[in-house]
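So the structure is just underneath, and the comments pick up after that.
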Amino acid sequence: MLITDEHLIKVEGAYGSPAEAEMRYGILPFEHDVVVGSMGDGRSHDVTMFIRSIEDSRRVAVIRKHFFPPGAYRAPSGAAHGSETIDQGAVREALEETGLEIELLRYLVRIRARFECPGKEPISWTSHVFDARQVSGELDPIDTNEIDEARWASLGEIQGPIRAVLLDAGWGLFRYRVALTDLAVEAMEAAE
């Protein structure tokens, strides 16, 4: 989906203006291939959701993909498809990746990233990051072709042991996800 300025104005009207950031990361050849493989129909974005548990707002849903190393988890994310708006894509992706029906609360962060890999074309990417809450459902991924596992994690766990696993993997995309998470958690805590 091509995300227009008009669309972003509507999303910001509904969920607030996000913090803005620009980032640049070197990525490995296989990571470059993963991103390029996700760029069908001109996609150059993701919608990431920090989904808070209905029982404990300090716990958020995290997912693990099949190719992640053991102990590596991150917030669920995906794309708005076709004529979907960013928020419609976020709700659908949350259901597919976690099994949870959600309500978006706030537009936390918009990150404009550039991923670089020697010998390959740089990739310009935008992440739209939302604070959300579980409305119903249980953690049980529907899209099991992509998602190996979904579970709850505390913010401390995300910024402690999970962060360490992501950084130790040495992947640029995991370093990016750690920085994205830091910005999102900072914005969520500032709003409390």
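The values are calculated or read from the model by the stated rules, or taken from the named source; none is laboratory data. All values derive from a computational prediction rather than experimental measurement. Using ideal geometry, Cβ is built from the backbone for each residue, glycine included, and neighbour counts are taken over all protein chains shown.
For the range 59-84, give me each residue that is under 20 Å from Gln134 (Cα atoms), part of a loop (DSSP other than H, G, I, E, B) and modelled with pLDDT under 95. Let's see the steps before the verdict.
So the first thing to find is which residues in the range 59-84 are under 20 Å from Gln134 (Cα atoms), and the list is 59-64, 73-80.
Among the residues that remain, those that are also part of a loop (DSSP other than H, G, I, E, B) are: 73, 75-76, 79-80.
Scanning the range 59-84 gives Ala79, Ala80.
Does Gly26 satisfy the criteria of being more than 30 Å from Glu138 (Cα to Cα), in contact with a strand residue (DSSP E or B) (Cβ under 8 Å, 6 or more places away or on another chain) and among the small types (Gly, Ala, Ser)? I'd like the intermediate steps shown before the answer.
Working: more than 30 Å from Glu138 (Cα to Cα): yes; in contact with a strand residue (DSSP E or B) (Cβ under 8 Å, 6 or more places away or on another chain): yes; among the small types (Gly, Ala, Ser): yes.
Answer is yes for this residue.
If the Cβ limit is 8 Å and pairs must be 6+ apart or interchain, which residue in the range 119-131 that is without any contact (Cβ under 8 Å) to a residue 40 or more places away in the chain pairs with which residue that is buried (at least 18 other Cβ atoms within 10 Å of the Cβ)?
Pairs found: Pro122/Phe115.
Return the only residue of Glu96, Glu84 being under 22 Å from Pro18 (Cα atoms) and not hydrophobic (A, V, I, L, M, F, W, C). Even if it seems obvious, please write down each step before you answer.
Working: Glu96 fails: under 22 Å from Pro18 (Cα atoms).
Within the list Glu96, Glu84, the selection yields Glu84.
Only one of Arg106, Arg177, Arg163 is modelled with pLDDT of 95 or more and within 13 Å of the chain's Cα centre (by Cα); which?
Numbers: Arg106 fails: within 13 Å of the chain's Cα centre (by Cα); Arg163 fails: within 13 Å of the chain's Cα centre (by Cα).
Sole residue among the options that is modelled with pLDDT of 95 or more and within 13 Å of the chain's Cα centre (by Cα): Arg177.
In the range 29-63, how many are surrounded by fewer than 17 Cβ atoms within 10 Å (Cβ to Cβ) and among the aliphatic types (A, V, I, L, M)?
Number of matching residues: 4.
Among (1) among the small types (Gly, Ala, Ser); (2) closer than 18 Å to Ser53 by Cβ; (3) in contact with a strand residue (DSSP E or B) (Cβ under 7 Å, 6 or more places away or on another chain), there is one condition Gly156 misses while meeting the rest; what is its number?
It is condition (3) that Gly156 fails.
Please find, among Glu84, Glu146, Glu157, the residue that is more than 18 Å from Ala14 (Cβ to Cβ), surrounded by fewer than 18 Cβ atoms within 10 Å (Cβ to Cβ) and touching a residue at least 24 places away in the same chain (Cβ under 8 Å). Steps first, answer last, please.
Values: Glu84 fails: more than 18 Å from Ala14 (Cβ to Cβ); Glu157 fails: touching a residue at least 24 places away in the same chain (Cβ under 8 Å).
Only one candidate passes the filter, namely Glu146.
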